[in-house]
Amino acid sequence: MTYLTWSEDLAVGNHFIDGDHRKLIDMVNRLHLVMQEGRGKEVLGKVLHNLIVYTQEHFTREEDLMRRLQYAGLNAHKREHEKLLQQVHDMRQKFENGTITLSVQVLHFLRDWLVEHIGESDKKLAAASRELAP
């Protein structure tokens, strides 16, 4: 069963950003599946690591686009990215240290952040991108 489903409501209208978002959703779904299957800490850690790495790559692409567009919301958007990455790195560290387990609350956090960020910040970026396009 899929945990988070891509829908056109999440589309921002930028092919590259939408592709990244689809992949991030797939990765959250993979994390959910591995958790449901009761996989060991090593497998969960690898899936979480891959999610973090891809998220960083995606944020870099978005921020590069914002710089090229001279997007007025760059600094605020970048702060959102930095805050999420810090939160996820903290979760990962606690998971690796054994002080937390990956739980449904972690999945809900990732899902809610992703849906909210796409629906608000990324849609504003995509709209600005379309307005500035020749």
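The values are calculated or read from the model by the stated rules, or taken from the named source; none is laboratory data. Worth saying up front: this structure is predicted, and the values here are computed from it rather than measured. Here Cβ is always computed from backbone atoms with ideal geometry, including for glycine, and neighbour counts include all displayed protein chains. Calculation scope for accessible area: heavy atoms of the full protein, side chains included, ligands and nucleic acids excluded. Shrake-Rupley method; radii C 1.70, N 1.55, O 1.52, S 1.80 Å.
Quick notes on this structure:
- Cα centroid of the stretch 1-25 to Cα centroid of the stretch 31-61, whole Å: 17 Å
- Helix axis angle, 41-69 relative to the chain longest principal axis, alpha carbon, degrees: 10 degrees
- Using R0 = 25 Å, the C-beta based FRET efficiency linking ASN75 and VAL104 works out to 0.15.
- The listed residues ASP64, ASP20, ASP9, ASP26 rank as ASP9, ASP26, ASP64, ASP20 when sorted by accessible area, largest first, using a 1.4 Å probe.
- Relative to the dominant Cα principal axis of the chain, helix 123-132 is inclined by about 30°.
- Residues of the stretch 90-130: accessible area per residue with a 1.4 Å probe, Å²: 55 Å²
- Surface per residue (accessible, 1.4 Å probe) for the stretch 1-89, Å²: 58 Å²
- Tilt relative to the chain, helix 74-97 - C-alpha long axis, 0 to 90 degrees, to 10: 10 degrees
- Solvent-accessible area of the stretch 44-130 (1.4 angstrom probe, protein heavy atoms only): carbon and sulfur portion equals 51 percent.
- Solvent exposure of ARG67, expressed as accessible area, is near 110 Å², computed with a probe of 1.4 Å over the protein chains only.
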